[in-house]
Amino acid sequence: MPVIFVDCTNDMRGLWQQVLRPADPAIRVNIADAQPPDLAALLDGYDICIVDHSYFDAELLARLVGLRHIVFLGTGAGSFIDLDAAARHGIKVHTIKGYGDTTVAEHTITLAMAAARSVARMDREVRAGGWRQHEGVQLFGKTLGIIGLGGIGREVARMAHGLGMNVLAWNRSPVISPAAPLVKLEQVLREADVLCVTLGLNEQTRGFLDHAKLSQTKPGVIVVNTARAAIVDAEALVALLRSGHIRHAAIDVFLHEPPKPDDPLLTLENVTLTAHAGFNTPEATLRMLRISVDLATAAGG
């Protein structure tokens, strides 16, 4: 079955070459740092496609009469693909889980530390000629709360223990893990000095951390989101940042990527932002790409 990688970025091209093996099926690679202009035409004649950052809405999926499998490079396929429409048209969507647990966890801890010490804010001020020593928060001995104790959450817990932090976690379903004790959500919200969101996005978790839940957090809490923006109510987050109830938010994910110019997060000083880069290391990308080839091969077999 013919396979195409529709939107391999220039940065990814060299890593893609590294993962290929002589026995792999032929896969056409289309280099595109942005979404290709006419995906329907590009996909004509292909049964399987590998996708990195292109959007597949219901209208496009209805036109892809020959496509049977989409291999999405990551876990959050629902942010890029209309999954219900894909199912209606007989297109199976494959995701890649676990490839970047350590990488994303490292980014989560990095954001927590940067937020605790106002690193991004002081960097901006020093570059502009300022010199203000913002008081930070020592993380040793503090409590880190994790919302979502999956692979990434467990890695965040492991690293937080190494910093001398106490760790509490909540998960939607019972899990047994030495990484952190599971407690009620209310306890995590109430006791966390740093609250890390590592929860998967679905219809049950969309808007999960609303104003009522965020208001239960400890005054001065630091909130870190490396999961999906839609899990956290955007208006509530901004309101609590402006009031000072949330000391700082460190955000790697946005409702619109890149964020719209009028996104209030862009104007707040007590926010640290990164460009959905938590997953982006060569180690994680190599593993992800290799798994994508294996999934495409299995789908075509």
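The values are calculated or read from the model by the stated rules, or taken from the named source; none is laboratory data. Please read all numbers here as calculations on a predicted model, not as lab measurements. Virtual Cβ from ideal backbone geometry, glycine too; neighbours counted across all protein chains shown.
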Would you check which residues across segment 178-237 are under 18 Å from the mean Cα position of the chain (by Cα), assigned to a helix (DSSP H, G or I) and among the small types (Gly, Ala, Ser) and list them?
ALA229, ALA230, ALA234
Those residues of segment 157-166 which are under 21 Å from the mean Cα position of the chain (by Cα) and surrounded by fewer than 22 Cβ atoms within 10 Å (Cβ to Cβ) amount to ARG158, MET159
Which pairs have Cβ atoms under 6 Å, sit 6 or more apart or on different chains, and link a residue in segment 54-65 that is closer than 13 Å to ILE91 by Cα to one that is β-branched (Val, Ile, Thr) and surrounded by 13 or more Cβ atoms within 10 Å (Cβ to Cβ)?
PHE56/ILE81
Scanning segment 61-78 for residues that are of a type outside the set (D, E, K, R) and under 15 Å from ILE4 (Cβ atoms), the one surrounded by the fewest Cβ atoms within 10 Å (Cβ to Cβ) turns out to be GLY66
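Residues checked against (1) modelled with pLDDT of 95 or more; (2) surrounded by fewer than 17 Cβ atoms within 10 Å (Cβ to Cβ); (3) within 24 Å of ALA112 (Cα to Cα):
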{"site": "VAL238", "(1), (2), (3)": "yes, no, yes"}
{"site": "THR267", "(1), (2), (3)": "yes, yes, yes"}
{"site": "GLY278", "(1), (2), (3)": "yes, no, yes"}
{"site": "LEU286", "(1), (2), (3)": "yes, yes, no"}
{"site": "ILE291", "(1), (2), (3)": "yes, no, no"}
{"site": "ASP294", "(1), (2), (3)": "yes, yes, no"}
Any hit, segment 55-64, residues being part of a loop (DSSP other than H, G, I, E, B) and either under 30 Å from ILE152 (Cβ atoms) or polar (S, T, N, Q) (or both)
yes
Could you tell me whether ALA23 is part of a helix (DSSP H, G or I) and surrounded by fewer than 16 Cβ atoms within 10 Å (Cβ to Cβ)?
no
Considering only residues of segment 171-210 that are surrounded by fewer than 19 Cβ atoms within 10 Å (Cβ to Cβ) and of a type in the set (D, E, K, R), which is nearest to ARG154 (Cα to Cα)?
ARG172
Within segment 159-172, count every residue that is assigned to a loop (DSSP other than H, G, I, E, B), farther than 23 Å from THR274 by Cα and of a type outside the set (Lys, Arg).
3
